Structures are given as C-alpha cells and as structure tokens.
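Quick notes on the structure that follows.
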Amino acid sequence: MPDVIHLSSLAGSPLLDSAGERLGRVEDVIVRMDHGQGLPPVVGLKSRIGGREMFVPIDRVEQLGPDAVRVSTTKLNLAQFERRPGELLLREDVLDRSLINVATARLVRAHEVELVCEDGAWRVAGIDPSIRPRLWRLMPRRFRGHDTEHKQFIPWSDMEPFLAHVPTSRLKLATRRLRGLHPAQIADLVEAASHDEGEEILEAVGEDKELEADVFEELDDEHQVEFLRERSDKEAAEVLARMASDDAADLLLELDQDRRIPVLNQLPAAKQRKIRSLLGYNPSTAGGIMNPDFVTAPAEATVGEALARVRGSDLSPQQVSTVCVVDGQGKLVGTVSLAELIRANPDQKVGSIADALPTVSADADVPEVARVMTDYNLVAIPVVDAGGKPEGIISVDDILELLLPEEWRWRAGAARS
C-alpha cells in the first residue's frame with residue numbers, strides 16, 4: 001500500500017471485498033476537522049453500494065490504493081451514510097473549491113488533494129493548486145496511472161478551507177488563524193473571493209469587532225457597500241462606530257442616500273458629531289480627509305504625563321504616533337512623535353521637545369497638503385482652525401490613497417493565485 005495517494009485516484013475507484021469481488025464504488029473520502037489538532041484524519045469513505053450511499057469506516061479498509069479500495073472482509077454490515085458534525089467530504093467540499101493559503105494571504109483552488117499515511121493512519125497532507133491535476137482527471141481512468149508530480153504542493157497546515165457550504169454547524173472558518181494576517185491582507189482576500197466566501201471571511205473576523213472594522217477600512221468602496229447592504233442599519237452603524245471617523249464618514253457617503261441618516265442616527269453621540277463635522281467639508285480638502293481623532297498634551301505637561309495620555313487612549317497605534325502639543329488656550333504649539341516621547345526624560349516638559357512644524361487649514365486642497373508634507377518629510381500634519389487650534393490630523397497614507405491611481409491596489413487578482 002502506498003504511503004501517499006491522491007483524492008482523484010480514490011474517488012470513483014472500485015470498492016472490493018477481501019476476496020477481490022466488487023462491492024461498489026468509492027464516492028468520497030471523509031475526514032474529521034479538528035482545528036489545531038494537526039492534519040485532518042481520514043475517518044471513512046462514502047461509497048455507493050447497491051444504489052445506496054453507505055459509510056465505510058477506515059478501520060474496515062485493508063488496502064487504500066490508487067486503482068481500488070479493498071476492505072478486510074467479504075461481508076460488510078454498513079450503515080447508511082450520514083454526515084456527522086465536524087466532518088468534511090474532500091471531493092464535495094474541497095476539490096475544485098477555493099481555500100485560503102494563510103502563509104501567503106492568497107486564495108488558491110484545490111485541483112488535487114494529497115493524502116499521506118502516518119503511523120498507520122491516513123491524513124490530509126495538502127493540496128495542489130496547479131492546473132495539471134485537473135487536466136489529469138479529464139483523462140479516462142485506465143490511462144491515468146498515478147500522478148505523483150506535484151510541483152506546487154501546498155501543505156494543509158497552511159490551508160484554511162471555506163466551510164459555510166458544509167451542512168455541519170460545528171465547522172467554521174478559523175478566526176484565530178485569520179487574526180495573524182494584516183487587515184489589508186484580509187481585505188484582499190475578501191475582494192478576491194466570491195460574495196459568499198467574502199461573507200464567510202467577514203463573519204469569521206466579526207468575532208473580533210475591532211479587526212472587523214479595520215478590515216472594512218481597507219476594503220474598496222464597492223465591497224464596503226456590497227457587504228453593508230445586507231446588514232441592518234444597526235449592524236452597519238456598529239461597524240462604522242469602530243472605524244476611524246474619517247473612514248466612517250467616507251463609507252457613510254457611499255451608502256444609498258435613504259440609509260445615511262438612519263445609520264448616522266444609530267451611532268454614538270460623540271461619533272455622530274465628528275462625522276457630521278467631517279461631512280461639512282469638501283471631500284477634496286484637508287478638512288474632508290483629516291481624522292478628528294488624535295491625542296493632545298499641554299505644553300506644561302511632562303513627558304511621563306503625555307505618555308500616560310497615549311496609554312489611556314483607545315485610538316489605533318497609527319493615530320497616537322503623533323501627539324499635538326497645545327498651550328493654555330488650546331492653540332497648537334507643535335507636535336511630538338511617540339518615538340521622541342519614549343526617548344525623552346520622563347520629567348521633561350513636552351513643550352520643550354515639540355517641533356513647530358507646518359500646519360494646514362481645513363480648506364487647503366489635497367495637492368497643497370501633499371506638497372507641504374513632502375517638503376518637510378512629514379508622516380502626519382495637523383489641520384488647524386482660524387484660531388490655531390488643532391481640528392484633526394492627516395497621515396501620509398490618507399494622502400497616498402488619494403493621489404495614487406484607482407487601480408493601484410490591483411485588488412481584482414491580488415489575493416488569488
């Protein structure tokens with residue numbers, strides 16, 4: 001019996017008894033999915049015997065070969081096949097379907113599934129996404145032989161299958177493994193997937209509400225609207241509430257006009273005020289792209305006190321990377337980076353290390369903002385009102401996203417091999 005065998009060699013092969021007499025035909029290979037428990041073990045075969053779908057336990061199989069499967073007895077007392085929770089049918093649920101390659105953050109299609117025998121137990125070893133196995137399967141079985149060349153083999157340990165179509169409620173996409181990807185990578189996967197697959201990814205990351213919001217921020221406008229369209233106003237508002245205010249304002253404008261006010265009204269009061277303020281600016285000006293969420297510190301505060309403000313903030317790491325330093329009237333004195341705060345003496349006054357860098361007004365256009373940031377090599381620039389008080393922060397990625405061509409993300413194929 002070989003140590004490695006392929007699903008295409010098993011599916012459709014004859015099922016023989018111990019005397020070599022034909023009992024029926026192998027329809028599929030059944031494995032048990034236990035996330036985090038190693039390679040999925042084969043628990044049995046779905047076979048067609050006498051016109052009925054029967055379950056053949058793997059411990060009744062004497063020989064699992066590329067040309068035929070032989071059981072260990074001439075008499076079988078088999079039960080009607082019934083899928084149990086946690087079980088996956090390799091031919092029906094995996095073959096020619098998309099999976100997530102977690103190692104590369106790409107979608108791949110399983111054109112072959114490889115099984116390996118370890119310590120007497122058969123397990124799923126991996127898949128081949130290349131077109132060669134699919135062409136091989138088109139050949140008549142008697143001419144196939146046993147295709148062992150899989151140059152693009154991907155180990156199952158790197159795979160995460162889509163399971164929403166599997167009628168066993170215990171199976172679901174592993175949120176834990178997706179958390180290891182950057183939100184932009186997950187967004188790439190959503191955009192490269194079918195709508196149902198994208199929904200499954202979002203449902204999985206939805207267990208972590210902050211991650212879900214981060215992923216929505218990274219989605220392009222079309223996909224943001226596509227996946228919010230099927231959610232209620234309350235559910236849509238829950239996503240927007242966790243997004244950065246500037247991104248939430250942009251997304252709100254992408255919704256159908258009759259939904260904008262109802263969704264906005266569902267947001268927390270503080271978030272509503274910030275978004276309503278942003279919506280009052282021309283979207284192609286500094287006011288329209290700034291983020292009103294930032295950290296400030298009085299010039300007379302110590303570095304230690306400023307760091308305490310950063311630690312106490314629930315803003316993202318990017319949003320706290322620049323701290324606005326203000327005087328007693330709230331006017332901007334300068335900015336200080338988080339790195340500078342960490343390096344400084346904790347007892348030093350923040351005002352003494354603040355840089356009096358350029359600022360822009362809310363009505364400055366995008367090219368002007370880009371020019372100033374480029375001239376001074378800034379990763380962020382404050383937006384101030386007529387009285388010199390900070391209203392928001394513009395980061396370099398906000399500018400890049402507006403200045404680069406629409407197709408810059410090449411999302412259509414970025415995450416699909």
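What the table below lists for this structure:
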read-out	value
Search result, residues across region 328-350 that are small (Gly, Ala, Ser) and either touching a helix residue (DSSP H, G or I) at 6+ places or on another chain (Cβ under 7 Å) or over 15 Å from Pro298 (Cβ atoms) (or both)	Ser337, Ala339, Ala344
Matching residues in region 47-64 - criterion: being touching a Ser or Thr at 6+ places or on another chain (Cβ under 8 Å), open to solvent by 50 Å² or more (accessible area, probe 1.4 Å) and in a strand (DSSP E or B)	Glu53, Glu62
Residue tally, condition more than 16 Å from His6 (Cβ to Cβ), under 38 Å from the mean Cα position of the chain (by Cα) and β-branched (Val, Ile, Thr), over region 61-104	3
Flag if Ala248 is more than 23 Å from Glu203 (Cα to Cα) and either part of a helix (DSSP H, G or I) or at pLDDT 95 or above (or both)	no
Pick from region 315-341, criterion in a loop (DSSP other than H, G, I, E, B) and in contact with a Leu (Cβ under 9 Å, 6 or more places away or on another chain), ranking: least open to solvent (accessible area, probe 1.4 Å)	Val320
Residue in region 22-33 that is in contact with a helix residue (DSSP H, G or I) (Cβ under 6 Å, 6 or more places away or on another chain), in a strand (DSSP E or B), closer than 30 Å to Glu199 by Cβ and touching a residue at least 60 places away in the same chain (Cβ under 8 Å) present	yes
Qualifying position, being at pLDDT 95 or above and under 33 Å from the mean Cα position of the chain (by Cα), among Ala362, Ala308, Ala299	Ala308
Leading residue by the ranking (modelled with the highest pLDDT) among those in region 177-214 that are assigned to a helix (DSSP H, G or I) and basic (Lys, Arg)	Lys209
Search result, residues across region 65-115 that are over 13 Å from Ile127 (Cβ atoms) and in a helix (DSSP H, G or I)	Glu92
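One line per residue, one yes/no per condition, for (1) surrounded by 15 or more Cβ atoms within 10 Å (Cβ to Cβ); (2) aromatic (Phe, Trp, Tyr); (3) in contact (Cβ under 8 Å) with a residue 40 or more places away in the chain; (4) touching a strand residue (DSSP E or B) at 6+ places or on another chain (Cβ under 7 Å):
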{"site": "Ala241", "(1), (2), (3), (4)": "yes, no, no, no"}
{"site": "Leu267", "(1), (2), (3), (4)": "yes, no, no, no"}
{"site": "Gly280", "(1), (2), (3), (4)": "no, no, no, no"}
{"site": "Met290", "(1), (2), (3), (4)": "yes, no, yes, yes"}
{"site": "Glu300", "(1), (2), (3), (4)": "no, no, yes, yes"}
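The values are calculated or read from the model by the stated rules, or taken from the named source; none is laboratory data. Note that the structure is predicted; figures quoted are calculated from it, not measured. Neighbour counts are summed over all protein chains in view; Cβ atoms, including those assigned to glycine, are modelled from backbone coordinates with ideal geometry. Note: areas computed on protein heavy atoms with side chains; ligands, DNA, RNA excluded. Shrake-Rupley method; radii C 1.70, N 1.55, O 1.52, S 1.80 Å.
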